[in-house]
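To start, the structure under review is shown below, and the notes come after it.
The values are calculated or read from the model by the stated rules, or taken from the named source; none is laboratory data. Quantities reported herein were computed from a predicted structural model and do not represent experimental measurements. Quick reminder, even Gly has a Cβ in these numbers, built from the backbone with ideal geometry, and neighbours come from all protein chains shown. The protein model used for the area step is the full one, side chains on, heavy atoms only, and it has no ligands, DNA or RNA in it. Shrake-Rupley method; radii C 1.70, N 1.55, O 1.52, S 1.80 Å.
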Amino acid sequence: MSLSVLPEGCVAKVLSFTGPTDACRLSIVSSMFKSAEESDAVWERFLPRDYQSIILTSDSSVLLASLSSKKELYLRLCEKPIIIDDGKKSFSLVKKSGKKCYMLSARDLMIVWGDTPSYWRWNSDSSSRFGEVAELISVCWLEIRGTIYATMLSPETLYAAYLVFKPTEGAHGLDYQPVEVGVGLVGSENGMRNVYLASQRGQSQRHHLVRRRIGLYNRSRLVGMQEPVAARENNAQTPREREDGWLEIELGEFFCEEGDDRELEMSVQEVKGGDWKGGMIVEGIELRPKEG
């Protein structure tokens, strides 16, 4: 029997059980397949089940509701993240699979000393998707944490979390001091590992001005002394540049199981060395399906 005699609705039903990539490939079979592939019945299946409730929290909800088809909505969510949750998060889809991606803005993170202007400063940045970013001035205790419920993610999917940031002029203390990063469920033991937030490879030994820590909160003063700094770990991960011009460093992985309603935590910290570090702008922490 020729496929051309099948009702378009039947073809659309079959296509809805494939995926976005396969549906687009099959659309070239015939004009009838092309018409079936563009139907809302197909792309409704490729959108997340809770997409409507997510869109309602977006500042673009009216614009998204005015799009002419579910396929157009799907592609719009793939091409440009939407801002949700009162500007605290962004949401998008992976084009090939329709899996969810989130970014928690700096304002949605727990940043130790984040409200102390001498340590952190809140600014706008034209290259950021969010209205505010956090600029690290200088701290000796660096600790950033973010949480999200696993139910918000796509089930049966391996995710990776990334700190999204960029250095500023005068960045210091980030090139030779590794930071500990980790991803895991709240209340469970997370495997921590070391990464570097600066991409330059330091020399085997270098010197820096020592800040003498004074008092309970490690306030300090520069005393002009120099001391050797240990070499970098050769196998520690370093940042890579994103398409949007920011840098990212992977914090860890998490497999989201169907029905898991626990809270996921991502962390970045350097609290052991006691040295001062600064000169970094944090946009947020992104969660997206792991490729490959």
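Here are some notes:
- Candidate set: the stretch 67-85, residues that are of a type in the set (D, E, K, R) and either touching a helix residue (DSSP H, G or I) at 6+ places or on another chain (Cβ under 9 Å) or not in a loop (DSSP other than H, G, I, E, B) (or both); chosen: the one most open to solvent (accessible area, probe 1.4 Å): Glu79
- Residues that are in contact with a strand residue (DSSP E or B) (Cβ under 6 Å, 6 or more places away or on another chain), crowded, with 17+ Cβ neighbours inside 10 Å and of a type in the set (D, E, K, R), drawn from the stretch 256-276: Glu265, Glu270
- Taking each residue of the stretch 52-66 that is under 16 Å from Met103 (Cα atoms) and in a helix (DSSP H, G or I) and looking for partners that are open to solvent by less than 90 Å² (accessible area, probe 1.4 Å) and not hydrophobic (A, V, I, L, M, F, W, C) with beta-carbon atoms closer than 6 Å, six or more apart or interchain, yields Ile55/Ser61.
- Of the residues in the stretch 91-112, at least one is assigned to a loop (DSSP other than H, G, I, E, B), free of Cβ contacts under 8 Å to residues at least 60 places away in the same chain and surrounded by 14 or more Cβ atoms within 10 Å (Cβ to Cβ).
- Top-ranked residue in the stretch 153-183 [being of a type in the set (Ser, Thr, Tyr) and not in a strand (DSSP E or B); ranked as modelled with the lowest pLDDT]: Tyr176
- Index of the failed condition, Trp122 passing every other in (1) assigned to a strand (DSSP E or B); (2) closer than 25 Å to Arg240 by Cβ; (3) not charged (D, E, K, R): (2)
- Pairs meeting the criteria (first residue in the stretch 171-195 and within 20 Å of Cys140 (Cα to Cα) and open to solvent by 20 Å² or more (accessible area, probe 1.4 Å), second residue assigned to a loop (DSSP other than H, G, I, E, B) and polar (S, T, N, Q), beta carbons under 6 Å, at least 6 apart or on different chains) are Asp175/Gln200.
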